[in-house]
Structure formats: C-alpha cells, structure tokens
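Undergrad: One structure, as structure tokens, below. Some questions next.
The values are calculated or read from the model by the stated rules, or taken from the named source; none is laboratory data. What you are looking at is a predicted structure, and each value in this text was computed from that prediction instead of being measured. Cβ placement follows ideal geometry from the backbone for every residue including glycine, while neighbour counts extend to all protein chains displayed.
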Amino acid sequence: MSFTDPFYLLAIAFVAGINFLFVRSIWRLVYFPKGEARAMDRFYRQHSLYYNKLDDRLKKRFLQRAYSFTKSLKIIGRMGVEVTQPIKLMVVAAMVQITFGYKRYFLKNFRTVFVYPDSFRNPHTGNMHDGEVHPRGLISFSLKKLLKGFEDPYDAINLGLHEMAHALMHSILTSSGPQGSLNATLDDILTIARLEMEKINAGEPHVFRSYAGANASEFFAVAVEHFFENPKGLKSELPTLYSKLCDLLKQDPALNLFLVQ
Ligand SMILES: [Zn+2]
C-alpha cells in the first residue's frame, strides 16, 4: 500500500479528525477566558460562603472546576425553566464543593441535570420530589429549593449538597476508579449510620433531622449537609463520623481546610 493509496489517505484523515475532536473537547474544558473567570468570581463571592472561605489559589481551583462542569454537563430546564448562566453556576456549585478534595472530580456517569421550577413528580412512582438522583446518570433539582439551600449556609439544609451526596455515594459504590478506592471509608460511615438511625427512629434527640433515619443513603446525604454547613456541631456531636467524612471527602471544614491529602 502506498502513501497515495486512497484508503491510506482516508485512514489518516479519520485519525486526524478524531484527534482534532479530542483536542477541541479538552481545550474547551481547560481554556478559561479571563472575563468569564472574573464574572464567576463575583458571582460566587455573592452566593457561596464556601467559596469565600477559600484562599486565592483554591478559589482559582474552584472556578476552573465550575467552568469545566458548566461546559461538560448537560443542564436542561424543564417545565419552562430557562437555564441562564447564574442557574448553571448554582447547579455546579455543590458538585464542585463536594468533590473539591479529589484530583479526579467528575462523578462517574453523572452527565445530565434537569432543573424544574419547583417540586416535581416522578413519572414512574407518582411521588413528588425536590431532588432526585437516577443511577443511570441523571440528577434533578427543584430550582426554588436549590436556591433556598444556599440562602442560609448554616442551617444544614442544602438540596444541592444533599443530591450530590447521593450521586457521590453511587459513584463510590459502583466505581473501580479513584472514587472506588473510598469504598472502605464509606462502609465505615454506613456502619455508623445504622447505629445512629436506630437512635433517630427511636425518637432520641439527635443532631440530624428525622429524615436522616429514612435509610442509610438519606443518612449519608444529611450527614454531608451537616459536614459543610454545621461542621463544628457535627464534629462535637459525632466525632468519629466527622473524621470519617474528612477522610472520604478529603476536606476538614471545621478547620477551614478544603484540601486534605
Ligand atoms: Zn435524599
């Protein structure tokens, strides 16, 4: 076969085309226009206490990751919601926050987000939800409740963090990659969950709201809300759980450490 063989030329064109698409998709994720960075910085300074606690180096890391998520996720408005840039930034804020300690921060499989104006009905079960995580890679939010979650950063109720905790748990349980290596730590947390759920369901006074007693998955999601919005309270009430969450998320918000290796 000679270099001028049409088949050979076609093969070269094909490989070059694939490479071009690959390089273009990577470039779109890492190229971060300065004007956009400044606008996002202004936005998160106004809306995210977590962002405000980061030093300048970590703020850059936060913005870069938020930008990557906004470019790589399909964020789709439902029932009339128009997905504007501020809505995108609110949707990805919790995703950046919960995975901030990781080098590989994308959650396996989760690539699509539906944003509803308010609570929505699951068409299969008929139940109403404020948020939902589907194992096949779909996360759904009520926009109203998502925004409300960021209004009070100390009340340990944050829909974004709650749903992202479900997505992260699913990612850890099903991944053989870097997040899969966190399985043993998650197991320890779920063992603590079973003991604490008994107390919650027996009506004993508890740092968590009663919803945490529904099942181990809800307990974990509520624990993550407390970890970020009530870290000192959680650390003093349930120190072992707090320490295991630090190991799992590689962050220690009670000490304002957001990158613990
Ligand atoms: Zn939940």
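Undergrad: Let me confirm something: among 89, 73, 63, which residue is among the aliphatic types (A, V, I, L, M) and within 14 Å of residue 147 (Cβ to Cβ)?
TA: 89
Undergrad: Return the residue satisfying two criteria in turn: it lies in the stretch 208-222 and is aliphatic (A, V, I, L, M) and crowded, with 21+ Cβ neighbours inside 10 Å, and of such residues it is nearest to the ligand (Cβ to nearest atom).
TA: 221
Undergrad: Here's something else I'd like to know. Going through the stretch 61-84 one residue at a time, which ones are free of Cβ contacts under 8 Å to residues at least 12 places away in the same chain and under 14 Å from residue 40 (Cα atoms)?
TA: Once the filter is applied, which keeps residues that are free of Cβ contacts under 8 Å to residues at least 12 places away in the same chain and under 14 Å from residue 40 (Cα atoms), the stretch 61-84 yields only 84.
Undergrad: Looking only at the stretch 118-165, count every residue that is among the polar types (S, T, N, Q) and under 13 Å from the mean Cα position of the chain (by Cα) and tell me the total.
TA: Residues meeting the conditions: 2.
Undergrad: Scan the stretch 1-58 for residues that are over 30 Å from residue 154 (Cα atoms), part of a helix (DSSP H, G or I) and modelled with pLDDT of 75 or more and report the count.
TA: 3
Undergrad: For the stretch 223-238, check the following and say yes or no: at least one residue is exposed (fewer than 14 other Cβ atoms within 10 Å of the Cβ) and touching a residue at least 40 places away in the same chain (Cβ under 8 Å).
TA: The answer is no; no qualifying residue exists.
Undergrad: Tell me which helices (runs of 4 or more DSSP H) are completely within the stretch 190-261 and hold 1 or more residues being more than 28 Å from residue 129 (Cα to Cα), or say none if there are none.
TA: Here the list reads 231-237, 239-249.
Undergrad: If you don't mind, another one. State which residue is nearest to the ligand (Cβ to nearest atom) when the search covers only the stretch 128-163 and only residues that are of a type outside the set (Lys, Arg), surrounded by fewer than 16 Cβ atoms within 10 Å (Cβ to Cβ) and not in a loop (DSSP other than H, G, I, E, B).
TA: 128
Undergrad: Being more than 16 Å from the ligand (Cβ to nearest atom) and not β-branched (Val, Ile, Thr) is the filter here; which residues of the stretch 115-127 pass it?
TA: 117, 118, 121, 123, 124, 126
Undergrad: Go through (1) surrounded by 14 or more Cβ atoms within 10 Å (Cβ to Cβ); (2) touching a Cys at 6+ places or on another chain (Cβ under 9 Å) for residue 260 and report which single condition fails.
TA: Of (1) surrounded by 14 or more Cβ atoms within 10 Å (Cβ to Cβ); (2) touching a Cys at 6+ places or on another chain (Cβ under 9 Å), only one is false for residue 260: (1).
Undergrad: Considering 190, 195, which residue is surrounded by fewer than 23 Cβ atoms within 10 Å (Cβ to Cβ), away from the ligand (no atom under 16 Å from the Cβ) and aliphatic (A, V, I, L, M)?
TA: Just one listed residue meets the conditions, 195.
Undergrad: Among the residues of the stretch 166-186, are any touching a strand residue (DSSP E or B) at 6+ places or on another chain (Cβ under 8 Å), among the aliphatic types (A, V, I, L, M) and within 16 Å of the ligand (Cβ to nearest atom)?
TA: yes
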